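Colleague: Quick one: the structure is below, and I'll ask about it shortly.
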Amino acid sequence: VTQAARTAPAEPFPRAAREALANEQVRTNLLHATTTIRLKRAQAVNEVADWDQLRDAGAGLKDHALLSLDRMLVELEAAVTRRGGTVHWARDAAEANTAVTELVRREGVETVVKVKSLATDEIGLNDALTAAGVEPIESDLAELIVQLAGERPSHLLVPAVHKNRDEIRDLFRERLGLPELGAEPGELTAAARAFLRETFLGTRVAISGANFACADTGSVVVVESEGNGRMCTTLPEVLITVMGIEKVVPTFRDLEVMLQLLPRSSTGERMNPYTSIWTGVHPGDGPQVFHLVLLDNGRTHALADDVGRAALRCIRCSACINVCPVYRQTGGHAYHTPYAGPIGAILQPQLDGGRGPSASLPFASTLCGACADVCPVRIDIPALLVNERRKVVERHHGIEAFGFGLLGRAFRSRRRYERAQRLARLVQRPLARGGWLRRFPPGPLRAWGRSRDLPAVPGTTFREWWGSRERT
Amino acid sequence: VSCALFITCLTDTLAPQVGRATVELLERQGVTVDFPREQTCCGQMHFNSGYVREARRLARRFVAVFGPYEDVVAPSGSCVAHVRTNLAGLAGDTDGVDERTWELSEFLVDRCGVTDVGSGFRGRVTYHPTCHSLRLLRVGHRPTSLLRAAAGVGLVELPDAEECCGFGGTFAVKNADVSAAMLEAKLDRVLATGADVVCACDSSCLLHIGGGLHRRGSHVRALHLAEVLAA
């Protein structure tokens, strides 16, 4: 799986997708996993009578936090500081990585244990730590699998969704030195547990992300299923949390809404098994040093776009990913961002300014709308995709823009439109056989023709038929 | 009842038989159909592809052409969805025409109050709800209730019907490989039903599905709802 490799260079989506489509094993794993999880989600959501009101509340409180982010973050900083934590501000990935690396170095450790965190994936923290001589060990089972394989996560919530258990057994046999290991889920989990237990007991510094942070109390929340996150947030002496600034919610009470929306939308559970909430430090209980790194890294750019900012409501549940018919074919690696699927296609170009391959992501969608239907915070993902497309076409003026310009000009006048219709009929006539076109000139028509025939342009347009009918 | 027919540029040019069926079907219900000859394109493709300036001009043109009519009917879920969802934002003053624009099955069931339209079609039909009629217009059971009321139509359920067929406008060529993979999945399910016809409410998706069926050498036909109902 070349493109799954952590070091693979980012490519535009269509090319990366072509490679992904060739991997039948990954596609089979994905279809199976996403079908199971979307059914579970639907059941879990359908049993909540006021689900739509909950979504309204979730969207409303996130919007409230985002539109007053300047005050919210200062309030959060004050609360965390009051309770014995230290807040650091990072404008971009480099500043965040430097801050964390410095803090780790100050502790003089060679190993840190990590809670699954998208924000740290986004900034490439593991690479920065490794470069500084510190070994990061992922404690989330799936994230550990991906790390041991030297790959990138392919799903927000289930980073190793592209691997089946035989592949995981082979990986553990090799990387954990267990040549006799079987492929039963129980055996695989036990192997990972034995490995991680030693890590938890022997590691003084942990790094986490955050699902939410409450501005009023300074409490930070991590939601997970395995309990490994709980180990990381309680056992070590030092806890460093890297959090995107959009994760702040106004009050502790708002968790009432968010903790109903998130588990049902993500794993299809009424409640997730482990919810860790900590507020600063407590003498004699848990980590005695707490650092909170607040990460911007493009988020304030997104905030400045009055349409695009809705993407910052996202609570990373991955419901949109599991229902996306494009993601279900390609998997996450084709997106070349930790935020794959529909949410990645609207978030990543806003975070990195849409320079480079992420400019292809807003086009990696049919605008079918399945994502918007399941989003727990009502992000109108298709509308945001179109908004991102607008930004891309406004930057590039290529042959496509020229074509759309010509077409637009034709559509602005009946005379030109009817002439274009006659021209289309004339041009394709030599290519048509038996009412169908099967061979095409280079360009968009050939791309169409790779998998589809095209009916020949009929001899009479509808309007010509209407005209002749009116005359008789 | 009378209406203006918004034929859509794609049906006008590439699927005129769908337009003729729509006219026949509406007239058979006693609807007086008018066809404003100045109409061209609503601008959906420009809008969805990011060309908002062009989309704005075409939206204003749509208002100018169809504004004078009481009701506007189109045999396309996605074009009607564009008009209803985006016209106001693009054109400013819409004269209320966005709210008076109907998708064909909506117009028949809600405005004309019919479900049995007297179709003489005979055969097994499976119905694919196109994404924009399903999720933006929420046409719901209207198309299938029209099909069920046709005595000669044997309606066969399409598994995972609500999954997109992979057309998506320019997506079909910009991401041709993914589009093809989605289409193959859809066609496998269509063929497994054993239906003679796969029916939908959008000529654009049907172009993609029908083109895929023809490439496979299948005898299953991709027909618009209007064609099945007008037969």
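Colleague: Of all residues in the stretch B:173-199 being in contact (Cβ under 8 Å) with a residue 40 or more places away in the chain and in a helix (DSSP H, G or I), which is farthest from the other protein chains (Cβ to nearest Cβ)?
Modeller: Out of the qualifying residues, it is B:Val190.
Colleague: Still on this structure, please answer the following. Just for helices (runs of 4 or more DSSP H) wholly inside the stretch A:1-118: which have at least 1 residues that are under 23 Å from A:Asp380 (Cβ atoms) and in contact (Cβ under 8 Å) with a residue 24 or more places away in the chain?
Modeller: Ranges flagged: A:13-21, A:24-46, A:51-67, A:69-82.
Colleague: In the list A:Val427, A:Val374, which residue meets the criterion of being at pLDDT 95 or above and of a type in the set (Val, Ile, Thr)?
Modeller: Of the residues listed, the single one that is at pLDDT 95 or above and of a type in the set (Val, Ile, Thr) is A:Val374.
Colleague: Please enumerate the residues belonging to the stretch A:365-401 that are closer than 19 Å to A:Gly298 by Cβ and part of a loop (DSSP other than H, G, I, E, B).
Modeller: Listed by number, the list holds a single entry, A:Ile379.
Colleague: Next question, about the same structure. I'd like to check something: does the stretch B:37-55 contain any residue that is under 21 Å from B:Val198 (Cβ atoms), out of contact with any His (no Cβ under 7 Å at 6 or more places or on another chain) and of a type in the set (Ser, Thr, Tyr)?
Modeller: Within the stretch B:37-55, none of the residues are under 21 Å from B:Val198 (Cβ atoms), out of contact with any His (no Cβ under 7 Å at 6 or more places or on another chain) and of a type in the set (Ser, Thr, Tyr).
Colleague: Consider A:Val104 carefully, then state whether it is of a type outside the set (S, T, N, Q), within 25 Å of A:Pro342 (Cβ to Cβ) and either at pLDDT below 95 or surrounded by 21 or more Cβ atoms within 10 Å (Cβ to Cβ) (or both).
Modeller: No.
Colleague: Oh, and also: (1) farther than 22 Å from A:Thr35 by Cβ; (2) among the charged types (D, E, K, R); (3) free of Cβ contacts under 8 Å to residues at least 60 places away in the same chain: which one isn't true of B:Asp202, the others all being true?
Modeller: Against the list (1) farther than 22 Å from A:Thr35 by Cβ; (2) among the charged types (D, E, K, R); (3) free of Cβ contacts under 8 Å to residues at least 60 places away in the same chain, B:Asp202 comes up short only on (3).
Colleague: With a cut-off of at least 2 residues that are surrounded by 22 or more Cβ atoms within 10 Å (Cβ to Cβ) and within 13 Å of chain B (Cβ to nearest Cβ), name the helices (runs of 4 or more DSSP H) lying wholly within the stretch A:282-355.
Modeller: Output list reads A:319-323, A:327-330, A:341-352.
Colleague: Still on this structure, I have one more. Just one of B:Ala81, B:Ala21, B:Ala64, B:Ala59 is under 16 Å from the mean Cα position of the chain (by Cα), more than 10 Å from chain A (Cβ to nearest Cβ) and of a type in the set (A, V, I, L, M); which is it?
Modeller: Every option except B:Ala21 fails the conditions.
Colleague: Okay, moving on. Would you be able to say whether some residue in the stretch B:9-26 is modelled with pLDDT of 95 or more, of a type in the set (Val, Ile, Thr) and within 17 Å of B:Leu87 (Cα to Cα)?
Modeller: The answer is no; no qualifying residue exists.
Colleague: Taking the criterion of being assigned to a helix (DSSP H, G or I), more than 45 Å from the chain's Cα centre (by Cα) and more than 9 Å from chain B (Cβ to nearest Cβ), would at least one residue in the stretch A:458-465 satisfy it?
Modeller: No, the stretch A:458-465 has no match at all.
Colleague: Answer yes if at least one residue in the stretch B:150-165 is crowded, with 22+ Cβ neighbours inside 10 Å, under 19 Å from A:Val326 (Cα atoms) and either among the hydrophobic types (A, V, I, L, M, F, W, C) or in contact with a Pro (Cβ under 7 Å, 6 or more places away or on another chain) (or both), and no otherwise.
Modeller: Yes, there is a match, as at least one residue in the stretch B:150-165 is crowded, with 22+ Cβ neighbours inside 10 Å, under 19 Å from A:Val326 (Cα atoms) and either among the hydrophobic types (A, V, I, L, M, F, W, C) or in contact with a Pro (Cβ under 7 Å, 6 or more places away or on another chain) (or both).
A quick yes/no check of all residues on (1) within 14 Å of chain B (Cβ to nearest Cβ); (2) under 27 Å from A:Cys232 (Cα atoms):
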| position | (1), (2) |
| --- | --- |
| A:Glu24 | yes, no |
| A:Thr35 | yes, no |
| A:Lys40 | no, no |
| A:Glu77 | no, yes |
| A:Arg82 | no, yes |
| A:Leu103 | no, yes |
| A:Val115 | no, yes |
| A:Leu125 | no, yes |
| A:Ala128 | no, yes |
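Colleague: Being without any contact (Cβ under 8 Å) to a residue 12 or more places away in the chain and basic (Lys, Arg) narrows it down to one residue among A:Arg299, A:Arg270, A:Arg264, A:Arg253; which is it?
Modeller: Testing whether each residue is without any contact (Cβ under 8 Å) to a residue 12 or more places away in the chain and basic (Lys, Arg) leaves just A:Arg253.
Colleague: Out of all the residues in the stretch B:130-142, is one or more surrounded by fewer than 24 Cβ atoms within 10 Å (Cβ to Cβ), among the basic types (Lys, Arg) and over 15 Å from the mean Cα position of the chain (by Cα)?
Modeller: Within the stretch B:130-142, not a single residue is surrounded by fewer than 24 Cβ atoms within 10 Å (Cβ to Cβ), among the basic types (Lys, Arg) and over 15 Å from the mean Cα position of the chain (by Cα).
Colleague: Cβ-Cβ below 6 Å, separation at least six or inter-chain, first residue in the stretch A:403-429 and on the phi < 0 side of the Ramachandran plot, second surrounded by fewer than 17 Cβ atoms within 10 Å (Cβ to Cβ): which pairs?
Modeller: Pairs found: A:Ala410/A:Arg416; A:Arg414/B:Glu38.
Colleague: I'd like the residue in the stretch A:402-453 that is in a loop (DSSP other than H, G, I, E, B) and more than 9 Å from chain B (Cβ to nearest Cβ) and, out of all such residues, is surrounded by the most Cβ atoms within 10 Å (Cβ to Cβ).
Modeller: A:Phe440
Colleague: Taking into account only those residues within the stretch A:388-401 that are of a type outside the set (D, E, K, R) and either more than 8 Å from every other protein chain (Cβ to nearest Cβ) or in contact (Cβ under 8 Å) with a residue 24 or more places away in the chain (or both), which is surrounded by the most Cβ atoms within 10 Å (Cβ to Cβ)?
Modeller: My answer is A:Val392.
The values are calculated or read from the model by the stated rules, or taken from the named source; none is laboratory data. No experiment lies behind these values; they were computed from the predicted model shown. Glycine also receives a Cβ, built like all others from the backbone with ideal geometry; neighbour counts cover every protein chain displayed.
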